[in-house]
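Working notes, structure below.
The values are calculated or read from the model by the stated rules, or taken from the named source; none is laboratory data. These numbers come from a predicted model, not from an experiment. Because the Cβ atoms are built from the backbone with ideal geometry, glycine has one as well, and the counts that use them run over all protein chains shown. Quick note on the areas: whole protein, heavy atoms, side chains included, nothing else; ligands and nucleic acids left out. Shrake-Rupley method; radii C 1.70, N 1.55, O 1.52, S 1.80 Å.
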Amino acid sequence: MQLNAEDYAAIWLTLKLASVTTVLLMLLCTPLAWWLAHTRSRWAGPIGAVVALPLVLPPTVIGFYLLVTMGPNGPIGQLTRALGLGQLPFTFAGLVIGSLIYSMPFTVQPLQRAFEALGARPMEAAASLGARPLDRFLTVAVPLARPGFITAAVLTFAHTVGEFGVVLMLGGNIAGETRVVSVQIYDHVEAMEYSHAHWLAAGMVVFSFLILLTLNWLQPKK
């Protein structure tokens, strides 16, 4: 049994969602991770806890509150309507927002650990040579934290690919718009189309194995 057109559309949408989410999170979370790694603010603990909430909350809880918040009676929903942007639930843009929140800890935490492992000496040495803060970050911190950036990107992409509860709650099941691979597998199982579900599920297993193998390979050998 081969994949059908809807399967390929779900695969393409999943890869598109994961790619957009990964790029946005890497851009947004890098300064946040840097701040968490170096600040002594009393707000670091609460903010770090908020970032890590998706690790312990059921995905359906996150999806439900995002749906309420971005719905027609929610604050974000009312704002988007006032701006003429329409409603975000059950759209690709809504899926991106949900994925940003759900996958955020998989971006922030590897980056934060990488920045913490740098220590202060490389940045102090660059400062003694007259490098400005942004120059020090781009030319010293980023290259030294490269393994952390790679790990964060790979984990974020893989985690977004495997989403189910958040995307189902927030995006529903609209072919070509919000139906990602995990939802497509669910549809096949409900329709008792086990051969189609097997092909997609087996592909996810292989993909997950390759991700873990890649991360293991990228780990610095001691």
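Taking θ = phi - 60°, what integer Hz values does the Karplus form 6.51 cos²θ - 1.76 cosθ + 1.60 yield along the range 52-68, in sequence order, with x for Gly and Pro?
Running phi through 6.51 cos²θ - 1.76 cosθ + 1.60 with θ = phi - 60° gives 7, 3, x, 6, 10, 7, x, x, 5, 5, 4, x, 4, 5, 5, 4, 5 Hz.
If you roll a 1.4 Å probe over the heavy atoms of the protein chains, what accessible area per residue do you get for the range 2-54, in Å²? The partial results should precede the final answer.
Numbers: 3120 Å² over 53 residues.
With the other protein chains kept in place, the range 2-54 gives 59 Å² per residue.
Kindly report, to the nearest 10 Å², the accessible surface of HIS198 as traced by a 1.4 Å probe over protein heavy atoms only.
So the heavy atoms of HIS198 present about 110 Å² to solvent.
Quick one: 3J(HN,Hα) in Hz for the range 102-113, Karplus 6.51/-1.76/1.60 with θ = phi - 60°, rounded, Gly and Pro as x.
So the J values, rounded to whole Hz, are 5, 9, 4, x, 6, 9, 5, 5, x, 5, 4, 5.
With every protein chain left in place, what is the accessible area of MET26 in Å² (1.4 Å probe, nearest 10)?
Spelled out: MET26, probe radius 1.4 Å, area about 30 Å².
Tell me the Kirkwood radius of the chain: reciprocal of the mean inverse pair distance over distinct alpha-carbon atoms, in Å. Intermediate results must be reported in sequence, preceding the final value.
Details: mean 1/r = 0.0521 Å⁻¹.
Kirkwood hydrodynamic radius for the chain: 19.2 Å.
Per the 1.4 Å probe, what fraction of the accessible area of the chain, in percent, lies on carbon and sulfur atoms? Don't skip to the answer; put the middle values down first.
On the way: 8670 of 12580 Å².
Answer for the chain: carbon and sulfur cover 69 percent of the accessible area.
To the nearest Å, what is the center-to-center distance of the range 182-222 and the range 23-37, using C-alpha atoms only?
28
What Kirkwood Rh does the range 81-156 have if only Cα atoms enter the pairwise 1/r average? Answer in Å. Each step should come with its number before you reach the end.
Numbers: mean 1/r = 0.0675 Å⁻¹.
Evaluated over the range 81-156, this radius sits at 14.8 Å.
For TRP12, put the label point 7 Å out on the Cα→Cβ axis and report which residues of the range 196-214 keep their amide N under 13 Å from it.
It comes to no residues whatsoever.
Just need the Rg to Rh number for the range 1-100, please, alpha carbons only, Kirkwood Rh.
Numbers: Rg = 16.9 Å, Rh = 16.0 Å.
Taking Rg over the Kirkwood Rh, I get 1.06.
Using all alpha carbons of the range 106-222, what is the percent of pairwise distances in each 5 Å bin, ordered from the shortest bin to the longest?
With 5 Å bins starting at 0, P(r) equals 2, 10, 14, 15, 13, 11, 9, 8, 7, 5, 3, 2, 1, 0.
I need two numbers for the range 36-83: Rg to one decimal and Dmax as a whole number, Cα atoms only, in Å.
Rg then Dmax for the range 36-83, in Å: 14.8, 40.
Read phi for every residue in the range 168-177 and hand back ³J(HN,Hα) as whole Hz from Karplus 6.51 cos²θ - 1.76 cosθ + 1.60, θ = phi - 60°, with x for Gly and Pro.
Whole-Hz 3J(HN,Hα) from phi for the range 168-177: 5, 5, 8, x, x, 9, 9, 4, x, 10.
Mind jotting down a quarter of the surface of the convex hull over the alpha carbons of the range 52-120, in square nanometres, one decimal?
Details: hull surface 24.3 nm².
Result: 6.1 nm².
For LEU212 paired with VAL142, estimate the spin-label separation in nm (one decimal), with each label point 7 Å from Cα along the Cα-to-Cβ line.
That separation, rounded to one decimal, is 3.3 nm.
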